[in-house]
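Novice: Please find one structure pasted underneath; my questions will follow.
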Amino acid sequence: MSKTPKQPKVKTVKDLYYGDQNNKPAVPKVILASIPDGLKAIPQWIGWRFYWDQKGQRWAKVPRNPRLTMEKNAKSDDPETWWPFESTLASFRSAYRNSGETFNLADGIGFVLTKNSGVFGIDIDMCRDPVTGALSTLAKEIVREFGAYAEYSPSPFGIHIYARGVRPDGYRCKEKFSDGQDLEIYDDGRFFTVTGLKIPPEALA
């Protein structure tokens, strides 16, 4: 009896966005004034850049060490690869200027989540219409529930929330919904990109 041929995976909009090796995803300019001062005051900042993941055949993000002008990777479990906000920003600007047109040592800045920082992060993916920018009902409800600083992620699909405390009881680290949305909550051992693209109140209406 012959086997049924395996059907090719149907590519999603996100797959197409991240899956073209010759088309690196665009990165929005960081709006520094929107980033909360309380977050800036915690010296756990890094850079990050897109790199082509040959195995996964997609663009992925890797943390970069601001102490070394973004020339090597940072580690979310090694404080020696993090820096204060202003120092990281200066390192990012220097690295970006010196990277050339086709390769950037860093594409943006990010924040490392640790239990000692008193901040946890929520990442909701595939919750935003890439054309209209409209947020899903789930995303709106979670932003309202936590009442914390929320911003659009570098991609046109997701958002990040930075809240005080540790990961709440009852929330798993990762949860995938049937409509394709992904929810991740971390308070340790992860880095989040930071854009400063604050979600305005009218987007939650």
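The values are calculated or read from the model by the stated rules, or taken from the named source; none is laboratory data. Not measured: the values here are computed from a predicted model. Because the Cβ atoms are built from the backbone with ideal geometry, glycine has one as well, and the counts that use them run over all protein chains shown.
Novice: Any idea which of ASP53, ASP37 is within 21 Å of GLU151 (Cβ to Cβ) and among the acidic types (Asp, Glu)?
Specialist: After applying the criteria, what remains is ASP37.
Novice: Same structure, new question: If you take the residues in the stretch 19-37 that are touching a Pro at 6+ places or on another chain (Cβ under 9 Å) and in contact (Cβ under 8 Å) with a residue 60 or more places away in the chain, which one is farthest from PHE111 (Cα to Cα)?
Specialist: PRO25
Novice: State all residues of the stretch 104-150 that are among the hydroxyl-bearing types (Ser, Thr, Tyr), more than 21 Å from GLY180 (Cα to Cα) and out of contact with any Leu (no Cβ under 8 Å at 6 or more places or on another chain); if no residue qualifies, say none.
Specialist: Passing the criteria: THR114, SER117.
Novice: For the stretch 151-205, please list each of the strands (runs of 3 or more DSSP E) lying entirely inside it that holds at least 2 residues being farther than 15 Å from GLU141 by Cβ and in contact with a Cys (Cβ under 7 Å, 6 or more places away or on another chain).
Specialist: 182-186
Novice: Related question: Is there any pair linking a residue in the stretch 56-71 that is within 18 Å of VAL194 (Cβ to Cβ) and in contact (Cβ under 8 Å) with a residue 40 or more places away in the chain to one that is among the polar types (S, T, N, Q) and in a strand (DSSP E or B), with Cβ under 7 Å and at least six apart or on different chains, and which?
Specialist: Matching pairs, first to second residue: LYS61/THR193; PRO63/ASN73; ARG64/ASN73.
Novice: Oh, and also: Does GLU80 count as touching a His at 6+ places or on another chain (Cβ under 9 Å) and either at pLDDT 95 or above or over 29 Å from ASN22 (Cβ atoms) (or both)?
Specialist: Against the criterion (touching a His at 6+ places or on another chain (Cβ under 9 Å) and either at pLDDT 95 or above or over 29 Å from ASN22 (Cβ atoms) (or both)), GLU80 does not qualify.
Novice: Sticking with this one: Applying the selection to the stretch 97-147, what residues are in contact (Cβ under 8 Å) with a residue 24 or more places away in the chain and of a type in the set (Phe, Trp, Tyr)?
Specialist: Scanning the stretch 97-147 gives PHE111, PHE120, PHE146.
Novice: Further, regarding this structure: Could you tell me how many of the residues in the stretch 93-114 are touching a helix residue (DSSP H, G or I) at 6+ places or on another chain (Cβ under 7 Å) and either on the phi > 0 side of the Ramachandran plot or modelled with pLDDT of 95 or more (or both)?
Specialist: 2
Novice: What residue, of LEU89, LEU39, is of a type in the set (A, V, I, L, M) and buried (at least 18 other Cβ atoms within 10 Å of the Cβ)?
Specialist: LEU89
Novice: Exactly one of (1) of a type in the set (A, V, I, L, M); (2) part of a helix (DSSP H, G or I); (3) under 28 Å from ASN23 (Cβ atoms) is unmet by ILE142. Its number?
Specialist: Answer for ILE142: the failing condition is (3).
Novice: Could you tell me which of the residues THR114, THR137 is over 16 Å from LYS61 (Cα atoms), touching an Asp or Glu at 6+ places or on another chain (Cβ under 7 Å) and not basic (Lys, Arg)?
Specialist: THR114
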